[in-house]
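Reading through the structure tokens given below for one structure.
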């Protein structure tokens, strides 16, 4: 981060300097008091379960002297503190992020979608960073806290920023789009994630389209043209440019053929009429979609095709997303970060390509509301051809077993449990050398514990 003065922070946050002269400047803005130190500003966020105003003293002891606080809070003010009072510290964080972002005349890319947006972000980053200094969100910093914190990492060395935008309800992506003002936006697909909050896939489509807030002539939207909702944009009235990608030949960029091994894909795609050969060090048909989104962005922004190919060939996925590795005598597909019907089906298609016994260890997909049974049954149907053993955990996951069994899956190889410990015990009893195991569920199910368990068993054996 380049230095920001206290006066600039007051202006950006529409706040009031209650204490201090405002002559100081900072080179970092944090919301975690443990990261506070000299030359940082601490924003005291009020969350559902915690009020960071109580950590102001701790931040002060670590050397922090600039604090953004809510009006009316009882604070032990020291003489050398700069106290900036605002109406809402969460909103102030976003306002400061937007103010700071405007200091840089660089390319901003916005990424959203129901499934695969983080992988798409990582692939777009890989394509752009092959020729330009590029910033991207760390980990899952894709919400109203994570996006401004990402923007604070900008400095004059960057030429591009790839910003993933997540949401769980209406208005959230609009808020982030207004903060970032992307020139190019990508929508990977419209699935069922967060359908409980948004009511329907139509609602999800509407919420994802908020990323085009403020789009005018000169902006570009890149979408999955095979998606039944996003494909309707071809005939919609719009001021901005549209580029589509997919497997269907009516897309601007489409896959012609592909060859998939256990750990990589080589595919040919038509890019604005030219056939290109692409290599990506990951698996799954869905990742061809993600790569084509990156090709689209790179092409629009003038990255050479050789640069795009080089970047994609060196692509690295963010942790716990289809991390495939050998653990002792077992192959483990660790995809425990999150889950939806679409991503479950994609991961099962990867499991299905392996020889030997295939064990699908699956858990609840949360936030599905009235569509919970429907979504889990979809996954059960996908299990039939792609797994030899099914182990499920959770209230709704039982419908995975039921649908699989109703479609001919052997009942003797179908197990359901209410808790992880019982499921882990069963897994330990049936694991055999050469097994390939997929672990996938919503983040709240804590399925990474299965991966830790396999490591423990492997070390014992």
Scan the stretch 313-331 and tell me whether some residue there is within 24 Å of the chain's Cα centre (by Cα), crowded, with 22+ Cβ neighbours inside 10 Å and not in a loop (DSSP other than H, G, I, E, B).
no
From the set of residues in the stretch 23-36 that are over 26 Å from the mean Cα position of the chain (by Cα) and over 16 Å from residue 78 (Cβ atoms), which is modelled with the lowest pLDDT?
23
Are any of the residues in the stretch 2-9 under 31 Å from the mean Cα position of the chain (by Cα) and without any contact (Cβ under 8 Å) to a residue 40 or more places away in the chain?
yes
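For the structure I just gave you, tell me whether residue 430 is in the same structural domain as residue 330 (by TED's automatic domain parsing) and over 24 Å from residue 193 (Cβ atoms).
So residue 430 fits the description; yes.
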Looking only at the stretch 156-165, decide whether some residue is modelled with pLDDT under 95 and touching a strand residue (DSSP E or B) at 6+ places or on another chain (Cβ under 9 Å).
no
Take the residues in the stretch 253-268 that are surrounded by 13 or more Cβ atoms within 10 Å (Cβ to Cβ) and over 25 Å from the mean Cα position of the chain (by Cα); name whichever of them is farthest from residue 325 (Cα to Cα).
256
Restricting attention to the stretch 290-304, which residues are surrounded by fewer than 16 Cβ atoms within 10 Å (Cβ to Cβ) and either in contact with a helix residue (DSSP H, G or I) (Cβ under 8 Å, 6 or more places away or on another chain) or within 19 Å of residue 279 (Cβ to Cβ) (or both)?
304
Single residue of the stretch 332-372 satisfying the filter (under 23 Å from the mean Cα position of the chain (by Cα) and without any contact (Cβ under 8 Å) to a residue 40 or more places away in the chain) that is nearest to residue 394 (Cα to Cα):
372
How do the helices (runs of 4 or more DSSP H) wholly within the stretch 395-461 filter down when requiring 3 or more residues that are farther than 23 Å from residue 341 by Cβ: which remain?
420-430, 448-460
Flag if residue 428 is in contact with a helix residue (DSSP H, G or I) (Cβ under 7 Å, 6 or more places away or on another chain), surrounded by fewer than 22 Cβ atoms within 10 Å (Cβ to Cβ) and in contact (Cβ under 8 Å) with a residue 12 or more places away in the chain:
yes
Before we move on, is residue 131 in contact (Cβ under 8 Å) with a residue 12 or more places away in the chain, within 17 Å of residue 184 (Cβ to Cβ) and part of a loop (DSSP other than H, G, I, E, B)?
yes
What's the number of the only condition in (1) out of contact with any helix residue (DSSP H, G or I) (no Cβ under 8 Å at 6 or more places or on another chain); (2) surrounded by 15 or more Cβ atoms within 10 Å (Cβ to Cβ); (3) more than 30 Å from residue 292 (Cβ to Cβ) that residue 59 fails to meet?
(1)
In this structure, is residue 152 under 30 Å from residue 284 (Cα atoms) and buried (at least 17 other Cβ atoms within 10 Å of the Cβ)?
no
Restricting attention to the stretch 215-225, which residues are in contact with a strand residue (DSSP E or B) (Cβ under 6 Å, 6 or more places away or on another chain) and either free of Cβ contacts under 8 Å to residues at least 60 places away in the same chain or not assigned by TED's automatic domain parsing to the domain that holds residue 292 (or both)?
221, 223, 225
State yes or no: is residue 307 in the same structural domain as residue 162 (by TED's automatic domain parsing), surrounded by fewer than 21 Cβ atoms within 10 Å (Cβ to Cβ) and touching a residue at least 24 places away in the same chain (Cβ under 8 Å)?
yes
Does residue 211 satisfy being at pLDDT 95 or above and loosely packed, with under 14 Cβ neighbours inside 10 Å?
no
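Does residue 14 count as outside the structural domain of residue 344 (by TED's automatic domain parsing), more than 25 Å from residue 172 (Cβ to Cβ) and touching a strand residue (DSSP E or B) at 6+ places or on another chain (Cβ under 9 Å)?
Criteria not met by residue 14.
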Yes or no: residue 141 assigned by TED's automatic domain parsing to the domain that holds residue 201, crowded, with 16+ Cβ neighbours inside 10 Å, in a loop (DSSP other than H, G, I, E, B) and touching a strand residue (DSSP E or B) at 6+ places or on another chain (Cβ under 9 Å)?
yes
Evaluate the stretch 346-368: report whether one residue or more is surrounded by fewer than 23 Cβ atoms within 10 Å (Cβ to Cβ), assigned to a helix (DSSP H, G or I), at positive phi and in contact with a helix residue (DSSP H, G or I) (Cβ under 8 Å, 6 or more places away or on another chain).
no
Among the residues of the stretch 95-122, write down those that are in a helix (DSSP H, G or I), over 12 Å from the mean Cα position of the chain (by Cα) and buried (at least 23 other Cβ atoms within 10 Å of the Cβ).
96, 97
Using the structure shown, decide if residue 178 is surrounded by fewer than 24 Cβ atoms within 10 Å (Cβ to Cβ), more than 13 Å from the chain's Cα centre (by Cα) and within 19 Å of residue 211 (Cα to Cα).
yes
Any hit, the stretch 238-246, residues being modelled with pLDDT of 95 or more and outside any strand (DSSP E or B):
yes
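The values are calculated or read from the model by the stated rules, or taken from the named source; none is laboratory data. Every value quoted in this text rests on a predicted model; they were computed, and no experiment measured them. Neighbour counts are summed over all protein chains in view; Cβ atoms, including those assigned to glycine, are modelled from backbone coordinates with ideal geometry.
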